[in-house]
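Just so it is clear, none of the values below were taken in a lab; they were calculated from the coordinates. A quick note: this is a predicted structure, and the numbers were derived from the prediction, not measured.
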Amino acid sequence: MKKNTEPLVVASKETGLEVNADKTKYMVMPRYHYAVRSHNIKINNSFFERVEEFKYLGTTLTNQNSFRKKL
């Protein structure tokens, strides 16, 4: 995952943008439940937090490939 994140940060800087590490999180959907390991990615002095679920447009998405809609 870190291998894919570093080019994003570099390309952003080249275009004059900056990735806000405090607002950027990532989620992995593992093939096997036991493969889930919670860790953050460090690039330069920034940490990107790994999450197991997040809300998008009022729907909670999880790393188990499920979702819950807010009623």
**OP:** List the relative contact order of the stretch 2-69 as a percent without decimals, with contacts defined as Cα pairs under 8 Å and 6+ residues apart.
**Re:** 26
Subject >> Potential lengthening between LEU57 and MET27 on full extension [0.36 nm per residue; Cα-Cα distance subtracted] >> reply: 9.1 nm
